[in-house]
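S.K.: First the structure, which I've put down as structure tokens, then a few questions once you've had a look.
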Amino acid sequence: MKVMKGFFKQKETLLGIAVAILFQLIFFIVWLTAYDGVFDRTDQLKIAVVNEDILYGKQIEKQLEDDSIVDVKLYTELKDAEKDLNQRKVNMIIHLPKGMTEQLQKGYETAIHYYINQSSPSLTKQMMEKVATEMNTEINGQVYTVIEQQMAKEIPKSIAAHADNKDMVQQVASQVVEVVQQHQLVNPIQKDIILTNEREGFAATMIPLLVVLASYIGAMLLSQHLQFAENNVRSQHHTFSLFFTRQFINLIVALTLSLFIIGLMSLFDIRIDRDFFVVWGFQATLLYSFLSLSQLFVMLFGNPGMIFNIALVATQLVSSGAIVPRELLSSFFQRIGDILPATYGVNGYFSLIYGGGNLRSDVQNLFIIIGITFIIAIGSVLIKGRLTKAK
């Protein structure tokens, strides 16, 4: 009992318990708030429709625009839609091929092509495959009804034009329509799903989430301990010397730890079809951005700054799109994701592992974040230095 009392007399024990409670509280608040109503925002998912058919294709295109639960964007050229799909600007392409009407009118099967980019969150891919199946079923029902109506209208006319006994026309026509309908294909349009940027193995799908989570937690722990070390030697060195030495340590750690991360991915057979220096440079930039962001809060607030870092772990996992597509999040969390490095880390790793995307843009955004956090950090050092002189 005395030992326990001794523990609880130490502020570190109470601080540790408080941090554990805060960790649970922050994650519950952030995650449950961010993921509330996710499936009510499917209209934010974007589907490209490319129509090359003159008759049924036009009808299907209009029906998709009017009734679709997602945001439909029309394209005239398939190559333009494929470019946007590759850069993750749309989530799926529906291609209505040329000659579809002729095939259906002759009683043959045809197919609609659904392009789904595998370089995207798992939930997006699953949702798009489900949407493709539901849309194809609905389209088949619409086309079947249209063909039935056309037969009921055209067959009697055709028979009447060649019949001598007009009284028998309606009876014969009805029998012909019935026989034709019995032999008509119920599902004349097949579903052809084309997976772009495909990569085998479930483990690869977890890399963006794994790297972001491990990198940021490692960065915030390093930032905390560097702050401890800086406090211990503060009286012996100039403020700016401490600051720039700290940045140099961050840079060395980012470069060396990135090599270790790449080695682990290679050990577990995570194949990345990019030049080694591209992967190394991207991971080092991502890790350095995490170090720059996490150090900012401990520099500004000391140990209590770790509360902000814990909140950022939860927020970045939610808003980055590693688990749930960013399109399904509220606009508030989408805007937060735009200013946090994890979003560009996830995008970058989807590009590195699967292909597509815009890796250069992701790297540029990471450098912008590094630059902004660096300027704020310099400002805090200057203010603290003046306050120290004033005292």
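S.K.: In the stretch 33-52, is there at least one residue being within 35 Å of the chain's Cα centre (by Cα), at positive phi and surrounded by fewer than 16 Cβ atoms within 10 Å (Cβ to Cβ)?
M.R.: Looking only at the stretch 33-52, we keep the residues that are within 35 Å of the chain's Cα centre (by Cα), and these are 33-52.
With the extra rule that they be at positive phi, the set shrinks to 37.
Checking the rest, the ones that are also surrounded by fewer than 16 Cβ atoms within 10 Å (Cβ to Cβ) come to 37.
Checked against the condition, which is being within 35 Å of the chain's Cα centre (by Cα), at positive phi and surrounded by fewer than 16 Cβ atoms within 10 Å (Cβ to Cβ), the stretch 33-52 yields at least one hit.
S.K.: Continuing with the same structure: Consider the stretch 77-98. How many of its residues are part of a loop (DSSP other than H, G, I, E, B) and either in contact with an Asp or Glu (Cβ under 9 Å, 6 or more places away or on another chain) or modelled with pLDDT of 95 or more (or both)?
M.R.: From the stretch 77-98, those part of a loop (DSSP other than H, G, I, E, B) are 77, 87-91, 97-98; that's our starting set.
Remaining after also requiring either in contact with an Asp or Glu (Cβ under 9 Å, 6 or more places away or on another chain) or modelled with pLDDT of 95 or more (or both): 90-91, 97-98.
Of the residues in that region, 4 qualify.
S.K.: Right, next: Given 189, 272, 207, which one is in the same structural domain as residue 105 (by TED's automatic domain parsing), aliphatic (A, V, I, L, M) and closer than 30 Å to residue 127 by Cα?
M.R.: Working: 272 fails: in the same structural domain as residue 105 (by TED's automatic domain parsing); 207 fails: in the same structural domain as residue 105 (by TED's automatic domain parsing).
After applying the criteria, what remains is 189.
S.K.: Within the stretch 299-341, work out how many residues are in a helix (DSSP H, G or I) and closer than 17 Å to residue 123 by Cβ.
M.R.: First pass over the stretch 299-341, keeping only residues in a helix (DSSP H, G or I): 299-301, 305-319, 326-328, 331-338, 341.
Cutting the leftovers down to closer than 17 Å to residue 123 by Cβ gives us 317-319, 326-328, 333-334, 337.
The total comes to 9.
S.K.: Just for the stretch 192-237: of the residues that are within 30 Å of residue 97 (Cβ to Cβ) and not hydrophobic (A, V, I, L, M, F, W, C), which one is surrounded by the fewest Cβ atoms within 10 Å (Cβ to Cβ)? Break it down stepwise before answering.
M.R.: The first filter runs over the stretch 192-237 and keeps only residues within 30 Å of residue 97 (Cβ to Cβ), leaving 192-200.
Adding the requirement that they be not hydrophobic (A, V, I, L, M, F, W, C) leaves 192, 196-200.
Values: 192: 15, 196: 16, 197: 19, 198: 13, 199: 16, 200: 7.
Checked the stretch 192-237; the qualifying residue surrounded by the fewest Cβ atoms within 10 Å (Cβ to Cβ) is 200.
S.K.: Looking at (1) farther than 20 Å from residue 319 by Cα; (2) in contact (Cβ under 8 Å) with a residue 40 or more places away in the chain; (3) of a type in the set (Gly, Ala, Ser); (4) surrounded by fewer than 16 Cβ atoms within 10 Å (Cβ to Cβ), which is the one condition that is false for residue 20?
M.R.: The one condition residue 20 does not meet is (2).
S.K.: Is there a residue being surrounded by fewer than 18 Cβ atoms within 10 Å (Cβ to Cβ), among the small types (Gly, Ala, Ser), under 26 Å from the mean Cα position of the chain (by Cα) and in the same structural domain as residue 136 (by TED's automatic domain parsing) anywhere in the stretch 100-123?
M.R.: yes
S.K.: Next up: So is residue 32 under 28 Å from residue 358 (Cα atoms) and among the hydrophobic types (A, V, I, L, M, F, W, C) or not?
M.R.: Numbers: under 28 Å from residue 358 (Cα atoms): no; among the hydrophobic types (A, V, I, L, M, F, W, C): yes.
Criteria not met by residue 32.
S.K.: Can you name the number of the only condition in (1) free of Cβ contacts under 8 Å to residues at least 24 places away in the same chain; (2) within 22 Å of residue 81 (Cα to Cα) that residue 327 fails?
M.R.: (1)
The values are calculated or read from the model by the stated rules, or taken from the named source; none is laboratory data. The structure presented is a predicted model; accordingly, all values stated were derived computationally and were not measured. Glycine also receives a Cβ, built like all others from the backbone with ideal geometry; neighbour counts cover every protein chain displayed.
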